[in-house]
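Read through the structure below, which is laid out as structure tokens, and then see the notes.
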Amino acid sequence: MGKNAGMTDAPTVLLCGQWPATEAARWRQALQRALPEVRWCEPADLQDQPGLASEVSIAVVANPPAGALTGLPNLRFIQSLWAGVERLLADPTLPPRLPVARMVDPAMNTAMAETAAWAVLSLHRRYFDYRQQQDRAEWRPWPQRRADEVPVLVLGRGQMGTAVARTLAGLGYPVTAWGREDRRGALATGSARTPDGDEALPVHVVAGPQALQAALPAHEVVVNLLPLTPQTAGLIDAAFLAALPPGAALVNLARGAHVVEHALRDALDRGHLRHAVLDVFAVEPLPPDSPWWRHPGVTVLPHAAAATDPRSASAVVAANVRALLEGRPLAHLVDRQRGY
Ligand code: NAP
Ligand code: GLV
């Protein structure tokens, strides 16, 4: 990378990700523009320049290969370019005790809300069915339903879940947002407010496993926006799907491992579930022989619901790096114990 080589007293920041070459170039350019005052380097530079590793104090990473952050004795902070950090945290060589921040970017929340709105509108207005009817030259209008007749359950009330719940409520859907616990302490069931307390939109907020069980039969569409943790892995299993009303639909925009794939397939094959929009999978890229590609009840997206955008995310990185260098609090720190 070496653009700022010669700025020997500037902090050294390692950029380490697994991208196609064009994507890597976009990140380099955006980050160098957002943070011109630091000295950027990449893993290849560490190999070429003995001693450089000991100068690295910050790592900006996008799911780096396991072990990529070892041998950096003066590393102080890790900034992830991904919102979900389960792969990063699963690396047993990740330096313990160092602060890790995840990507939180309003532009990403907006992108996610757009994807969720597209998916829910397409399910509600039967656009996935019309696509298949077009393939058969079949002229068959479905009964027109109003948005307020299609209750949507959003799993996760964080950055993404909040943006999605707000957008869907704004489109007129009755929205329930499910979270781990009520932010104000008591179990929140039956309250009409948005996940962060804004009373303007009628989002029904519920929390905890019992509230989820109670909510499932009443919701026609489930949108998953949970982080992947030991508590949430496999949450969408046979019992979860069976508790949904017949003809329900799943929109998984979070992680593939939230879903027990054979249970989903069974629910779709039996016709209990009408459709699934899947952006994320246990194995990515989705292998060419995966049955999901050809399942008539499934719409596949290539993990494209809300990509990190270098144009806006580089400013988020710059703000956190400068906070570290100036001794101010870091934003969006991950609770490494909790896993998100
Ligand atoms: P976030 O702000 O950390 O929000 C996570 C939410 O999930 C919080 O409301 C949290 O509850 C809740 N939660 C965690 N564990 C739970 C549990 N066991 N039961 C119930 N609720 C639980 O995360 P985010 O920024 O919204 O991102 C969510 C996920 O979206 C990421 O982790 C990533 O997997 C996925 N994602 C996907 C894409 C894509 O393109 N497909 C893009 C970005 C992100 P508390 O509020 O109580 O902590
Ligand atoms: C994408 O899936 C992310 O976690 O940023």
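The values are calculated or read from the model by the stated rules, or taken from the named source; none is laboratory data. Keep in mind it's a predicted model, so treat the numbers as computed, not measured. Don't worry about glycine lacking a Cβ; one is built from the backbone with ideal geometry, like all the others, and counts go over all protein chains shown. Each accessible area value is taken on the protein alone, full model and side chains, heavy atoms only, with ligands, DNA and RNA left out. Shrake-Rupley method; radii C 1.70, N 1.55, O 1.52, S 1.80 Å.
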Looking at segment 43-57, can you tell me whether even one residue there is touching a helix residue (DSSP H, G or I) at 6+ places or on another chain (Cβ under 9 Å), within 22 Å of Val334 (Cβ to Cβ) and open to solvent by less than 40 Å² (accessible area, probe 1.4 Å)?
yes
Residues in segment 69-109 that are of a type in the set (D, E, K, R), within 16 Å of ligand 1 (Cβ to nearest atom) and out of contact with any Ser or Thr (no Cβ under 6 Å at 6 or more places or on another chain) total 2
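Conditions tested, residue by residue: (1) β-branched (Val, Ile, Thr); (2) open to solvent by 30 Å² or more (accessible area, probe 1.4 Å); (3) within 14 Å of ligand 2 (Cβ to nearest atom).
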{"position": "Ala90", "(1), (2), (3)": "no, yes, yes"}
{"position": "Thr93", "(1), (2), (3)": "yes, yes, no"}
{"position": "Ala111", "(1), (2), (3)": "no, no, yes"}
{"position": "Leu123", "(1), (2), (3)": "no, no, no"}
{"position": "Val150", "(1), (2), (3)": "yes, no, no"}
{"position": "Tyr173", "(1), (2), (3)": "no, no, no"}
So the check is Cβ under 7 Å with 6+ separation or different chains; which pairs have a first residue in segment 102-122 that's within 20 Å of Pro151 (Cβ to Cβ) and free of Cβ contacts under 8 Å to residues at least 60 places away in the same chain and a second one that's small (Gly, Ala, Ser) and open to solvent by less than 50 Å² (accessible area, probe 1.4 Å)?
Ala113/Ala163
Check on Pro143, at pLDDT 95 or above, open to solvent by 40 Å² or more (accessible area, probe 1.4 Å) and not in a helix (DSSP H, G or I):
yes
In this structure, does Gln134 turn out to be part of a loop (DSSP other than H, G, I, E, B), open to solvent by 80 Å² or more (accessible area, probe 1.4 Å) and more than 10 Å from ligand 1 (Cβ to nearest atom)?
no
Suppose we filter His272, His303, His258 for residues that are away from ligand 2 (no atom under 14 Å from the Cβ) and in contact (Cβ under 8 Å) with a residue 12 or more places away in the chain; which single one remains?
His272
Just checking, does segment 105-123 include any residue being in contact with a Phe, Trp or Tyr (Cβ under 7 Å, 6 or more places away or on another chain), under 30 Å from Gly172 (Cβ atoms), modelled with pLDDT of 95 or more and among the small types (Gly, Ala, Ser)?
yes
Step by step: first the residues of segment 283-300, then only those that are in contact (Cβ under 8 Å) with a residue 24 or more places away in the chain and assigned to a loop (DSSP other than H, G, I, E, B), then the one that is farthest from ligand 1 (Cβ to nearest atom). Which residue is that?
Pro296
Can you find, within segment 235-266, the residue that is nearest to ligand 1 (Cβ to nearest atom) among those that are of a type in the set (Gly, Ala, Ser) and within 21 Å of Asp335 (Cα to Cα)?
Ala254
If I filter segment 298-319 down to residues being of a type in the set (Ser, Thr, Tyr) and within 17 Å of Ala107 (Cβ to Cβ), which single residue comes out as least open to solvent (accessible area, probe 1.4 Å)?
Ser314
